[in-house]
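Below is one structure, written out as structure tokens; comments come after it.
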Amino acid sequence: MAFQAKTLDFNRSPYTGFVRQTWIEAGEYLLEGAFSNIRTPEDPMIVPRTEISVTYPHLGAPENQLERERRAERFEGLTRTFFIAAPLIKDRPELTVHGLNLREYYKNHILRSCTPKDPLYVGDYRTLQRLTGQEKNAHACFQQTVETCALVIGLWITEEQIWSTYTKKEKGMIADFLSDYAHSYTVPQNWRLFNMLDLAFLHRHGYRIDRNIMRDHAMAILNYYAGNGWYRDGMGFDYYSCWAFQFYGPLWCDWYGYAEEPELAEAFEKRSNELMKTYDRFFDEKGHVNMWGRSSIYRCAATSAFDGNFFLKNSTADPGLARRISSGALLQFLGREDFLVGGVPSLGWYRQFSPLVQGYSCAESPYWLGKAFLCLHLPADHPFWTARENNGIWSKMHAGEVLETLLGGPGMCISNHAANGATILRTSKVEKGVGDLHGMWNYSKLCYHTAYPWEATPQFDPAGRSIAVGQLQSQQYTVYETDTKSLKHANVTFYSGQKNGVFYRRQYFDYDPGTENCWLYGINLADFPVPYGLLRVDRHRIFRRPVEFTLGSYGFPDPMEDTRVQHFSQGSYNENLRAQCIVLKGHDAEGREKQMAMTVYGGWQELDLVKSEETNPDSAHSIVLYAHTALEHEYDSREPYLFISQVLTREDHEDFTQEELFPIRALILADSAGTGGFGPIALKMQDGTEKTVDFDQMEGKLML
């Protein structure tokens, strides 16, 4: 059952009605679901598994690995639900859920988790090294390091209610447990922040720490900074920059940095405030989060960066906007009937959806979304709770306006569309291994839409179709070598900046550095926004042919398999302006009206659709529109080089105009052959505007 708020105040919160008491009710709703699986006060926070092929504990693993994973799972369940429980316990120490006193439950299980020889002991660092046979591996790392950070945040919030009630001996036992992880090996990315928070918590409570280790971690974290408020995590950019770097970093400033490392704290503060300049634009008009990057099961935890900014001495976050987005993102998920499975957040985006799940997750991992609830540590008189909700840029845009934001540091471009309230994210600076489709789904689709979460590889019956299963990806190109029957997927996306309102990137397919495959299959990408979506003018760089090209639309939910399909075409004296269009009109799983149109021009030979099952996060049944064409001959400049397409969306069934479906009035090509293989491409649009796409010299601007 979806969350039903008891307290709504549309005077203070005109967009969502959510106020602090509503958030408390939402926290209790999630804890009620979690604790419905706990029978006695001694039961650990383990919830029923709904997925067993990807998540841990991994079936069939050696017993020592299973033992380690069982310990990690217990700790995840405890500490991540503690994100939600801690601020509720602080407000109401005697709060009970399913007959269990929350304060006593967490106090007991925290101590047991940290007590050697207790059956629920989750193991210190050295115990896990021994358990896994890695005593001599100085670089071994374990999930427990992540969870110790969640633990110290909860203990900080409930300092009076839980931490202060332990005996000196019990505190010492917990401190020893934390110190072992705090001073031990970690992973060279966002994990270093976990060590930093553990060390800071110990320091706050008078325990000795190694300040040199602390400083090394902090300096390393700051050196991961790319600009525009974004940190590079490992090789990529994702929400870890927001729910890890930009939450833990400011909290570290408050606990330790301002007093002990003011120079480093100043850098963390400056970078958090830099993020606040544009971070609201990553969310749509409703405050909804885009499904992008790994760990998508953490969902609305992406809003915790706003809360993090309020830890700073000189916070610049707009409290009314921060609460509006945080509440909108919470409603995005808690308002869904299919969000909970057995009382527990699904391993998916909305419903259960295995394609987005990573092997480092377990059934309890989705409770990382509890980070969104840490805003409840802010007192009732804090501006986050007292300010009137405002909708930022969305309330200032005129009808049909598109606001574009280029972030050169992480190589991203965001467009906010007033016409349909959507936010579309385009990413680059992404490199994945050959064949890592999962990685590309998460990080480098051509674009990510807040109302159309990415779809996995469509599954359909290829009989009678010109393409085969696997030859099509939503919002992505694929290249198929017809003579070798070899399928090539994009696995690297370079950034090349923006010029005159056009965003430039390059993708390679089966990119394998050090081999000739580096350069065999490439495509120059150029796109710009229109009121309801994006228009693409892409130029291929395919060396080896014959090949077939495909390009998919967003996945369109089709829960009742009753989506209406409309076909349109536009002829032209200019071969490049012959166009086809398909429009879909249907509903999402919640019954809301949705509409999508895909238009293709020129070099595309075919526009069609496929129906798929269990590849869409919103609906068991879905539709993907796709364009298809073939390049038959090597070294033949008579074949088309340009692939022009457009995808539009509406959240209603009002018809698109013909000018919207076919937005190009004239296309002027520089090369005399008329194939678009060289020189600028001038587009005269139906609305009277003009755009020029010019790939010249982008070669010197490519960045990863």
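Throughout, read-outs are computed from the coordinates displayed, never taken from laboratory work. The shown structure was predicted, so the numbers you read here are calculated from the model rather than taken from an experiment. FYI the Cβ positions are ideal-geometry reconstructions off the backbone, even for glycines, and counts take in every protein chain you see.
Along the Cα→Cβ direction, 7 angstrom out, place labels at residue 260 and residue 403. What is the inter-label distance in nm?
Result: 4.0 nm between the two label points.
Please compute, for the alpha-carbon atoms of segment 462-505, the extent along each of the three principal axes and give them in descending order in Å.
44, 20, 14
Rank 702, 29, 106 by how far each Cα sits towards the positive end of the charge dipole of the chain (+1 on Lys, Arg Cβ; -1 on Asp, Glu Cβ) and give me just the farthest.
106
If the viscosity is 1.002 mPa s and the temperature 20 °C, what Stokes-Einstein diffusion coefficient in µm²/s follows for segment 504-550 when Rh is the Kirkwood radius over Cα pairs?
D, rounded to a whole number, is 178 µm²/s.
Filter the cross-link list 432/701; 611/684; 90/168 down to pairs whose alpha-carbon distance in this structure exceeds 27 Å. Each step should come with its number before you reach the end.
Numbers: 432/701 20 Å; 611/684 35 Å; 90/168 21 Å.
Result: 611/684 exceed 27 Å.
Dividing the Cα radius of gyration by the Kirkwood radius, what Rg/Rh value follows for segment 429-663?
Computed over Cα atoms, the ratio is 0.94.
Put +1 on the Cβ of every Lys and Arg and -1 on every Asp and Glu Cβ in segment 228-327; which of 319, 255, 293 then has its Cα farthest towards the positive end of the dipole?
293
Output the Cα-based Rg and Dmax of segment 551-704 in Å, rounding Rg to one decimal and Dmax to a whole number.
Cα only, segment 551-704: 17.6, 52 Å (Rg, Dmax).
Which value, to two decimals, describes the C-alpha radius of gyration of segment 166-210 once divided by 2.2 N^0.38 Å?
Values: Rg = 10.9 Å, N = 45, 2.2 N^0.38 = 9.3 Å.
With N residues counted in segment 166-210, Rg over 2.2 N^0.38 Å equals 1.17.
Which shape class, rounded, prolate or oblate, goes with segment 665-704 when its Cα gyration tensor gives a ≥ b ≥ c as root eigenvalues, a/c under 1.5 marks rounded, and past that a/b bigger than b/c marks prolate?
Oblate is the answer for segment 665-704, as a/c is 1.5 or above yet b/c matches or exceeds a/b.
For segment 20-395, compute Rg over Rh where Rg is the Cα radius of gyration and Rh is the Kirkwood radius from the inverse mean 1/r over Cα pairs. Working shown, then result.
Details: Rg = 19.4 Å, Rh = 20.8 Å.
My calculation puts Rg/Rh at 0.93.
How would you rank 691, 169, 371, 270, going from fewest to most other Cβ atoms within 10 Å of each one's own Cβ?
169, 270, 691, 371
Taking Cα centroids, how far is segment 406-447 from segment 324-362 in Å?
So the two Cα centres are separated by 21 Å.
Mind checking the full-extension length gain between residue 461 and residue 92? Use 0.36 nm per residue of separation minus the Cα-Cα distance, one decimal, nm.
127.2 nm is the gain from fully extending residue 461 to residue 92.
As I understand it, the value is the acute angle between the Cα axis of helix 211-222 and the longest principal axis of the Cα atoms of the chain; what does it come to in degrees, rounded to 10?
20
What do you get for the angle between helix 20-35 and the principal long axis of the chain? Use alpha-carbon atoms, 0 to 90 degrees, nearest ten.
Approximately 80 degrees, to the nearest ten.
Please rank 662, 201, 678, fewest neighbouring Cβ atoms within 10 Å first, as an exposure proxy.
678, 662, 201
Can you compute the FRET efficiency between residue 613 and residue 1 using 1/(1 + (r/R0)^6), with r the Cβ-Cβ distance and R0 = 35 Å? Round to the nearest 0.05.
In this case the efficiency is close to 0.85.
Starting from the Cα-Cα distance between residue 578 and residue 207, subtract it from 0.36 nm times their residue separation and give me the gain in nm to one decimal.
Details: separation 371, 0.36 × 371 = 133.56 nm, distance 7.30 nm.
Taking residue 578 through residue 207 to full extension adds about 126.3 nm, to one decimal.
Of 478, 115, 96, 657, how do they rank once you tally other Cβ atoms within 10 Å and put the fewest first?
Placing the least packed residue first, the sequence is 657, 96, 115, 478.
I'm a student and want to see the number: the projected area of the Cα convex hull of the chain, averaged over all directions, in nm².
Mean orientational projected area (the chain, Cα hull): 30.8 nm².
Nearest 10 degrees is fine. How inclined is helix 192-204 to the longest principal axis of the chain, computing both from alpha carbons?
Rounded to the nearest ten degrees, it is 30.
At a threshold of 8 angstrom on Cα-Cα distance, excluding pairs fewer than six apart, so keeping six or more, what relative contact order does segment 151-201 reach in percent?
Across segment 151-201, relative contact order equals 37 percent.
Wrap a convex hull around the Cα atoms of segment 335-439, take a quarter of its surface area, and give that in square nanometres. Can you show the working numbers first?
Details: hull surface 42.5 nm².
The number I arrive at for segment 335-439 is 10.6 nm².
Could you tell me the calculated FRET efficiency between residue 666 and residue 632, based on Cβ-Cβ distance and R0 = 30 angstrom, to the nearest 0.05? Before the final figure, lay out each step's value.
Working: r = 28 Å, r/R0 = 0.95.
Taking R0 as 30 Å, the efficiency between residue 666 and residue 632 is 0.60.
Grab the alpha carbons of segment 26-85, take their convex hull, and tell me the volume per residue in Å³.
On the way: hull volume 5.8 nm³, N = 60.
So the per-residue hull volume is 97 Å³.
For residue 190, enumerate residues with amide H under 5 Å from its amide H, sequence gap 5+ or separate chain, H modeled in the peptide plane.
Long-range HN contacts for residue 190: 234.
When only Cα pairs under 8 Å and 6 or more residues apart are kept, what is the percent relative contact order across segment 293-437?
Computed over segment 293-437, the figure is 23 percent.
Which value, in debye to the nearest 20, gives the size of the charge dipole of the chain about its Cα centre, when Lys and Arg are +1 and Asp and Glu are -1 at the Cβ?
1320
Go ahead and run the numbers for FRET between residue 605 and residue 696, Cβ-Cβ distance against an R0 of 30 Å, rounding to 0.05.
Details: r = 28 Å, r/R0 = 0.93.
In this case the efficiency is close to 0.60.
How high is the relative contact order of the chain, given as a whole-number percent (alpha carbon pairs under 8 Å, six or more residues apart)?
Worked out over the chain, it gives 10 percent.
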